[in-house]
Amino acid sequence: MTVRIFIPGDAGALAVSADEVAAAMRVAAAARRLDIDIVRTGSRGLYWLEPLVEVATAAGRMAYGPVAPADAAGVLDAALADGTANPLAHGLAEEIPWLKRQTRLTFARCGVVDPRSIVDYRAHGGFSGLERALSLGPQAVIEEVVQSGLRGRGGAGFPTGIKWRTVAQTAAAQKYIVCNADEGDSGTFADRMIMEGDPFVLIEGMIIAGIAVGATKGFVYIRSEYPHAIAAMTAAIHAARRDCVLSTGAPYTFDLEVRAGAGAYVCGEETSLLESLEGNRGTVRAKPPLPAHAGLFGKPTVINNVLSLATVPVVLAQGAAHYRDFGMGRSRGTMPIQLAGNVRRGGLFETAFGITLGELVDDIGGGTASGRPVRAVQVGGPLGAYFPRALFDTPFDYEAFAARDGLIGHGGIVVFDDSVDMAKQARFAMEFCALESCGKCTPCRIGATRGVETIDRIICGDDRASNLGVLEDLCHTMKFGSLCALGGFTPYPVMSALTHFPEDFGARPPRLEAAE
Ligand SMILES: Cc1cc2nc3c(=O)[nH]c(=O)nc-3n(C[C@H](O)[C@H](O)[C@H](O)COP(=O)(O)O)c2cc1C
Ligand code: SF4
C-alpha cells in the first residue's frame with residue numbers, strides 16, 4: 001500500500017521548513033518500510049499552521065500542523081492509526097473551521113492539487129471554463145464576464161468584462177493579454193499563492209481572455225522577488241504547451257511567456273508595467289490612450305491582475321449568475337482576503353464581499369499575534385487608509401470603503417497592535433512614496449519628499465499647528481494633482497492616520513478642531 005502525503009511546496013511553507021519536513025517524512029517512512037508518495041501542493045492559506053501536512057486516508061485528507069521535522073515520525077504513526085492521537089492533528093483538512101467558513105471559488109484547488117500536474121488540474125474540473133468559452137464564442141464570453149460583475153482585483157476595481165469589450169472592439173492585427181503579477185502591496189500574497197498552487201487556472205483565464213478579445217500572445221509579469229512563482233508558472237506554461245492547451249493552431253492561437261520584474265513598486269501600475277515589459281525604465285504613461293486602445297508595443301492590450309484572470313475560469317464554468325449571486329452592492333462574487341502583520345491567524349481567506357472588517361480581524365484573524373489590543377489596520381496596501389476599531393463595522397465592499405476614505409485594493413489587511421506609532425506610519429507612507437515615485441509628475445516627486453520633512457517637523461513639535469495645515473494642503477495637492485495613484489493615494493494612509501489617531505501627532509488636527 002502506498003500512502004499519499006501532501007506537503008506544501010509554496011514559498012510561505014518553505015520558509016518554515018516544509019522541505020525539511022518532507023525529507024524527515026521520507027526517513028520516517030523508510031524506517032517503517034512504508035511506501036509513501038509525497039505530493040508537493042500549494043498552500044491552503046492557513047499560514048499559522050504551515051507546514052500543514054495532510055495524509056490521505058479512507059475518510060479523507062487528515063491534517064497536521066504546524067509540523068516540524070522532528071514531528072514527522074509521530075504524524076506518520078498517528079495517521080496510520082486513527083489519525084487523532086497527535087497534538088498537531090486537526091482532523092479532516094476540509095473540516096477545519098477556518099477553511100470550511102470560506103467560499104472558495106478562485107482558490108478552490110489551491111492547496112489541493114499538484115500544481116505541476118495538468119492531469120490533476122483536469123481531474124479537479126480544470127479547463128471546463130475554457131471548454132465553455134470555446135462553445136460560447138468571443139462575444140458571449142465577454143457578456144458572461146460582464147454579467148458576473150467581476151471587477152479588477154489589482155486595486156482599482158474596474159469591471160473586467162468592460163475592459164475586455166473595449167479591447168475586443170479595437171481593431172488591430174495584434175493584441176495582447178498581460179497579467180499583472182507584480183503584487184507589490186504590503187501584506188498581500190494571493191497572486192503568489194495562485195501561481196505556486198494552481199498555475200493552470202491563470203493560464204486558463206488568460207487563454208479565455210485571448211479568445212474573448214482576439215489576442216494571440218500573453219505575458220505574465222511577475223515580480224523578481226517571487227522566484228518560486230516564476231518557476232511554477234514557467235513549468236506550467238511548458239506543460240500546457242506539451243498538452244497542446246497553449247496552441248499555435250485552430251481553434252485558437254495563444255501562447256504565453258513569463259517576464260520577471262526588477263523590483264519597483266510603480267512597475268505594478270499598468271502603464272509603467274508596459275514600459276518595463278518593453279524593456280524601458282518603469283515610468284508611468286499619461287492616459288489617454290488607454291492600454292485597451294494602445295498598450296504593449298502600441299497594440300490593444302488587456303492588462304489584468306492575477307486574481308481577476310484566475311477567477312474567469314470559474315465564472316465561465318459555473319456561469320455568471322452563480323458568481324454574481326455572492327457579494328453585496330456592486331461588489332459581486334468573492335474576494336481572496338489576505339490577513340497579515342501582527343495577527344494571530346494570518347493567511348488567505350476567500351469569502352463573499354460584505355463581511356465586516358471587524359469579523360475579519362477579530363473573529364477570523366483572532367486579533368493580534370502579540371496578544372495586545374488591535375489599534376489599527378491598514379487595508380489595501382501601502383496606499384490604503386488606516387482604519388481604527390471605530391470603523392470595524394465597515395463591510396468589505398469597494399464602495400463602503402471608498403465612502404470612508406479607504407480602499408480595499410488587492411485585499412490585503414495589515415494588523416497593528418497598540419504599540420504602533422501612527423505618526424511614524426504616516427511618515428513611512430510619505431517616505432515610501434518618495435522612494436518609489438517614478439518622478440514623472442511634480443506633486444508626487446517633490447510633494448512626497450516635502451511631506452516627509454513636514455511630518456518630521458510635526459513629530460519634533462516644530463510649529464505643529466501650521467505644519468499640520470501644510471501637510472493637509474500637500475495631501476490635497478498630491479491627491480488631485482498626481483498623474484497616477486502612487487502620488488494620488490499616498491494621502492490616504494497619511495490623512496487617515498492624522499484623522500483617526502491625532503493624539504500620535506501631538507495635537508488635534510486643525511480641521512477636526514474646526515468641526516467640533
Ligand atoms: C503604484 C501602483 C502600483 C500598482 N501595483 C499593482 C500590482 O502590483 N498588481 C496589480 O495587479 N495591480 C497593480 N496596480 C493597479 C494596476 O495599475 C491596474 O489597475 C491593474 O493591473 C488592472 O488589473 P485589474 O483590472 O485586473 O485589477 C497598481 C497601481 C498603482 C498606481
Ligand atoms: S504620481 Fe508618482 S509614480 Fe505616479 S506618475 Fe506621478 S511621479 Fe510617477
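The values are calculated or read from the model by the stated rules, or taken from the named source; none is laboratory data. Predicted, not measured: the structure shown is a model, and the values here were computed from it. Note that each Cβ is placed from the backbone with ideal geometry, even for glycine, and that neighbours are counted across all protein chains shown. When the accessible area is computed, the model is the full protein with side chains, heavy atoms only, and any ligands, DNA or RNA have been set aside. Shrake-Rupley method; radii C 1.70, N 1.55, O 1.52, S 1.80 Å.
Please report the accessible area of T234 (heavy atoms, 1.4 Å probe, ligands and nucleic acids excluded) in Å², nearest 10.
Ignoring ligands and nucleic acids, T234 comes out at about 50 Å².
Please arrange K424, K175, K163 by accessible surface area, largest first, computed with a 1.4 Å probe and ligands excluded.
Largest to smallest exposure gives the sequence K424, K163, K175.
Mind giving me the nanometre distance, one decimal, between the label points for D363 and S419, set 7 Å out from Cα along Cα→Cβ?
Spacing of the two 7 Å Cα→Cβ label points: 2.9 nm.
Kirkwood Rh, Cα Rg: Rg to Rh for region 109-193?
On the Cα set of region 109-193, Rg over Rh gives 1.01.
Just want to confirm a number: the relative contact order over the chain, from Cα pairs under 8 angstrom separated by 6+ residues, in percent.
13
Shape call for region 295-367 from the C-alpha gyration tensor, a ≥ b ≥ c root eigenvalues: rounded (a/c under 1.5), prolate (a/b greater than b/c) or oblate?
Cα axes put region 295-367 in the oblate bin.
Order of 142-155, 43-56, 61-74 by packing, highest average Cβ count within 10 Å first?
Highest mean packing first, the order is 43-56, 142-155, 61-74.
Taking H placed 1.01 Å from N in the peptide plane, check which residues at least 5 places from D255 or on another chain put their amide H under 5 Å from its amide H.
For D255, whose amide H was placed from the backbone, the distant partners under 5 Å are K217, G218.
Karplus couplings for region 239-247 from phi (6.51 cos²θ - 1.76 cosθ + 1.60, θ = phi - 60°), rounded to Hz, Gly and Pro as x?
4, 5, 5, 4, 7, 6, 6, 8, 10
Quick one: ranking H500, H410 by accessible area, 1.4 Å probe, largest first, what do you get?
Per-residue accessible area, sorted high to low, gives H500, H410.
Between R457 and L134, what is the spin-label point distance in nm, taking each point 7 Å from the Cα along the Cα→C-beta axis?
In this crude label model, R457 to L134 measures out at 6.6 nm.
Quick one: dipole size for region 254-398, taken about the Cα centre, charges +1 on Lys/Arg Cβ and -1 on Asp/Glu Cβ, in debye to the nearest 20.
It comes to approximately 280 debye.
Computed on alpha carbon atoms, what radius of gyration and Dmax characterise the chain, expressed in Å?
Expressed in Å, the Cα Rg and Dmax of the chain come to 23.7, 77.
If Lys and Arg each add +1 and Asp and Glu each add -1, what is the summed charge of the other residues whose beta carbon sits under 9 Å from the beta carbon of R372?
-1
Mind giving me the nanometre distance, one decimal, between the label points for R122 and R372, set 7 Å out from Cα along Cα→Cβ?
Placing both labels 7 Å beyond Cα along the Cβ direction yields 5.5 nm.
At 222 nm, what helix-only mean residue ellipticity would the chain give, in deg cm²/dmol to the nearest 500, using -39500 (n - 2.57) for each DSSP H run of four or more?
Calculated from helices alone, the mean residue ellipticity at 222 nm is -11500 deg cm²/dmol.
Can you say what percent of the DSSP beta bridges in the chain, counting only those with both residues inside, are antiparallel? Round to 5.
The antiparallel fraction comes to roughly 55 percent.
Taking the Cα centre of region 351-467 as origin, work out the dipole magnitude from +1 charges on Lys and Arg Cβ and -1 charges on Asp and Glu Cβ, in debye rounded to 20.
So the dipole magnitude of region 351-467 works out to roughly 400 debye.
Let me check I've understood the local charge: for L92, count other residues with C-beta under 13 angstrom from its C-beta, Lys and Arg +1, Asp and Glu -1. What total comes out?
Local charge sum for L92: -1.
Could you list the residues of region 158-197 with an amide nitrogen less than 17 Å from a label point located 7 Å from the Cα of T253 in the Cα-to-C-beta direction?
Hits in region 158-197 for T253 at 17 Å: 172-177.
Compute the Cα gyration tensor for region 201-286, then decide on rounded, prolate or oblate, letting a ≥ b ≥ c be the square roots of its eigenvalues: rounded whenever a/c is under 1.5, prolate when a/b is larger than b/c in the other cases, and oblate in all that remain.
Note, shape of region 201-286 comes out oblate.
Provide the net charge surrounding E196, with neighbours chosen by a C-beta distance below 15 Å and charges set as Lys +1, Arg +1, Asp -1, Glu -1.
-3
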